[in-house]
Amino acid sequence: MDRDKLVSLYRQMLLIRVFEDKSAEMYARAKIGGFLHLYNGQEAIAVGALSALRPDDDLVTHYRDHGYALARGISARAVMAELFGRETGTTGGRGGSMHLADVSKRFWGGYAIVGGHLPLAAGLAYAAQHHKTGRVVFCVMGDGSTNIGTFHAALNWAQLWRLPVIFTVENNQYAMGTVIDNHSAVTEIYRKACAYDMHAEQVDGNDVLAVHEAVCRLAERARNGEGPALLEAVTFRHRGHSMADADVQRPRSQVAEWKERDPIPAFAEVLLERKLATPQDLEQIARDVEAEVEDAVAFADASAEPARETLYEGIYAEAVSNMQIDGSLIGPPTLGPMIIKNGMGRHG
Amino acid sequence: MAEITYREALKRALREEMTRDPNVVIWGEDIVAYGGGGAYGVTAGLAKEFPGRVRDVPIAEEAIVGVGLGAAMGGIRPVCELMTINFALVAWDQIVNHVAKQHHMFNRQIQAPMVIRSPAGWGRTASTHSQTFENWLASIPGLKVVYPSTPYDAKGLLKASIRDNDPVFFIEHLALYGTKGEVPDEEYVLPIGVSEVKRPGRHLTVVTWGRMLVETMKAARTLEVEGIELEVIDLRTLRPLDLAPALESIRKTNRAIVVEEGFRTVGLGAEIAASIQEMAFNDLDAPIARVAGLEVPMPYARNLERATIPFAEDVIAAVRRMMEKKY
């Protein structure tokens, strides 16, 4: 990687960090509702991995997906607007934080049922194999996902059909609040791949360059028809599972120890040591990303909520008439504006 | 026009669509090697005709549906076969949380043009292998649910389902696979979401679908001899639900019975009866009656199994009660 690309990795990681901190603030101010899972501490994985892939490689993620959306090049404006539930968000306020997506960038979405997206990733890899596109599917999950049935069903199928997919586990050592020793019989997650005779590697998830190199290797293997792989990236969350988590179950000493291994200052050291950036460069980047995130908040706040009359749009690819949808047998459900009476939708 | 079986009609639909569109693939448990073409023989011979596009897959229903969905997102048109509808429970998360929600939740960025084929039915198979879940499936926004009762409908609606840009859960019935009916040699496609009058009559409207259409038609032939004419409506699609022909019929007959094979409580019949009385209350001369399966886990013993399932005689008894105003 050249100097500009290396510096851009730093910028992306810092953008994610500042974005996440601002999201927490907006959540506290009730601008964001529901579940909000922040990526603080794990930024090196999304940034290292996506910088190793082609922009048209397929991306499928878990619900801790803000970092992946930003690293894929989706604007902070569109992501923040989605968190705010506005029409300018990535899914127009339909999916929210856990379901960001931009199919034009082949980001097929964040998924919120633990492990539910793994078969979808295998299926996208089948499509790539069938159509001989040369694309690789990057699928990311947490350590808690590796105990559920779809993990085993998807890995078995992917290896059986030699599908071009990289299953990446962000092992942050807690499944929600349950420590890995209490949720997985095998705590070195990469070893689970041996059950399917699948190639597997473990990498320091707090080292952006190590992640980048690992994903480069695995993507090349998959593109060469050598099949899928399981990559375990060992890392740690700086915050609780979600904004609803008071984070009382993790020992303070463990949290403090991992904050010492923060991937962002660590990579800043690398850039400074190799004289790829000056302290002034890094300060400028910090000012830039702060401004970008402030702009995203202003944009989201100024954006309209999705219009009430669009409520039924998109349930089906083509609008269908269904008395169960709107109580009318006549015409598709999107024909006219909705009039709300006693909570029941009727077309006016 | 030749008489062919429901099974053969399905196979012809699959063959025609695979010939038309190279992106159509068929995946299922034991659909290639086992018994020369599947537990119920629908796909027999297709693997040879379409090498690489008809594949045996692991017994992992959550993956059959989930991998199928991912493939559909990537431009494939998978027909995923679940050996029986009971096994759909293993894939329920994929069906409800993923297949049905993709298009809406991602704000129209993702389509899921896939078909999940699966037979309902029974036959001394006890409680875990004798179920039907069309009432659950028909309650899920984003999903289309098709349940043909004749070879003609099976062929035309399976072709439509494969071409549809939305996910379709296509329910078949073990007791229907061997039934015969006329199917034209020339190609045709039937619309999803359109119910049909299968038999005209003056005295009483029966709304039904799937295997219960066969039992209802038997009942209609028996009652005709007594001078009672049933008008029989076959829903064919359970979501979106087209009740227009049923409402039109009730305007004439003023009486309605809903016949279903599944459980009565929270059955689809309850939804249909409620909707009819909302929209046609003034047309009704009698309360809407329901004929349904008895609410017990299906027993293995022959006599007990038969006692839980509705047959023509149950339809006849319900019609007589209504005609004699015993309600």
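The values are calculated or read from the model by the stated rules, or taken from the named source; none is laboratory data. Computed from a predicted model, the values in this text were never measured in an experiment. Ideal geometry is used to build each Cβ from the backbone, glycine not excepted, and the neighbour counts take in all protein chains shown. Accessible surface is based on the protein model in full, side chains and every heavy atom, while ligands, DNA and RNA are left aside. Shrake-Rupley method; radii C 1.70, N 1.55, O 1.52, S 1.80 Å.
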| said: What's the total number of residues in segment A:157-185 that are assigned to a loop (DSSP other than H, G, I, E, B) and more than 18 Å from residue A:236 (Cα to Cα)? | reply: 5
| note | Within segment A:72-98, the residues that are of a type in the set (Gly, Ala, Ser), surrounded by fewer than 24 Cβ atoms within 10 Å (Cβ to Cβ) and either part of a helix (DSSP H, G or I) or at negative phi (or both) are A:75, A:78
| remark: Note on segment B:87-103: residues within 11 Å of chain A (Cβ to nearest Cβ) and either of a type in the set (Ser, Thr, Tyr) or touching a Ser or Thr at 6+ places or on another chain (Cβ under 9 Å) (or both) are B:93, B:94
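Okay, residues lined up against (1) open to solvent by less than 40 Å² (accessible area, probe 1.4 Å); (2) assigned to a loop (DSSP other than H, G, I, E, B); (3) away from chain A (no Cβ under 14 Å):
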site	(1), (2), (3)
B:154	yes, no, yes
B:176	yes, yes, yes
B:189	no, yes, yes
B:193	yes, yes, no
B:205	yes, no, yes
| message | Checking the conditions here, which among A:48, A:33, A:67 is assigned by TED's automatic domain parsing to the domain that holds residue A:142 and not in a helix (DSSP H, G or I)? | response | A:33
| note | Residue hits (segment A:222-256; more than 29 Å from residue A:119 (Cα to Cα) and among the polar types (S, T, N, Q)) are A:249, A:253, A:254
| remark: Taking first residues from segment B:70-93 that are of a type in the set (Ser, Thr, Tyr) and second residues anywhere that are open to solvent by less than 10 Å² (accessible area, probe 1.4 Å), the pairs with Cβ under 9 Å that are 6 or more apart or on different chains are B:84/B:118; B:84/B:119; B:84/B:120; B:84/B:121
| If only one of A:47, A:7 is among the β-branched types (Val, Ile, Thr) and closer than 20 Å to residue A:169 by Cα, which one is it? | A:47
| query | Which pairs do you get when a residue that is crowded, with 18+ Cβ neighbours inside 10 Å, found in segment A:295-308, comes within reach of a residue that is polar (S, T, N, Q) and modelled with pLDDT of 95 or more, reach meaning Cβ atoms under 8 angstrom, with the pair 6+ apart or on two chains? | reply | A:296/A:75; A:299/A:88; A:300/A:88; A:303/A:88
| task | Please state which one of B:50, B:87 is farther than 23 Å from residue B:16 by Cα and of a type in the set (A, V, I, L, M, F, W, C). | result | B:87
| request: Only residues in segment A:30-44 that are β-branched (Val, Ile, Thr) count as the first member; pair them with residues that are not in a loop (DSSP other than H, G, I, E, B), Cβ under 6 angstrom, at least 6 apart or cross-chain, and list the lot. | output: A:32/A:26; A:32/A:83
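Here is a yes/no grid of residues against (1) in a strand (DSSP E or B); (2) on the phi > 0 side of the Ramachandran plot; (3) open to solvent by 60 Å² or more (accessible area, probe 1.4 Å):
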{"residue": "A:203", "(1), (2), (3)": "yes, no, no"}
{"residue": "A:248", "(1), (2), (3)": "no, no, yes"}
{"residue": "A:280", "(1), (2), (3)": "no, no, yes"}
{"residue": "A:289", "(1), (2), (3)": "no, no, no"}
| Leading residue by the ranking (nearest to residue A:38 (Cα to Cα)) among those in segment A:99-125 that are in a strand (DSSP E or B) and at the interface with chain B (Cβ under 7 Å from one of its Cβ atoms) | A:109
| request: With the condition kept exactly as written, say whether any residue in segment A:8-26 is assigned by TED's automatic domain parsing to the domain that holds residue A:166, outside any helix (DSSP H, G or I) and without any contact (Cβ under 8 Å) to a residue 60 or more places away in the chain. | output: no
| request: Take the residues in segment B:23-44 that are surrounded by fewer than 20 Cβ atoms within 10 Å (Cβ to Cβ) and free of Cβ contacts under 8 Å to residues at least 12 places away in the same chain, then tell me which one is farthest from residue A:131 (Cα to Cα). | output: B:35
| note | Of B:288, B:250, B:272, B:257, the only residue that is within 14 Å of chain A (Cβ to nearest Cβ), within 14 Å of residue B:204 (Cα to Cα) and not basic (Lys, Arg) is B:250
| field | Residue check for residue B:280: surrounded by 19 or more Cβ atoms within 10 Å (Cβ to Cβ), part of a helix (DSSP H, G or I), at pLDDT 95 or above and not β-branched (Val, Ile, Thr) | value | no
| task | Tell me, please, whether a residue that is within 8 Å of another protein chain (Cβ to nearest Cβ), surrounded by 24 or more Cβ atoms within 10 Å (Cβ to Cβ) and not in a loop (DSSP other than H, G, I, E, B) can be found in segment B:110-119. | result | no
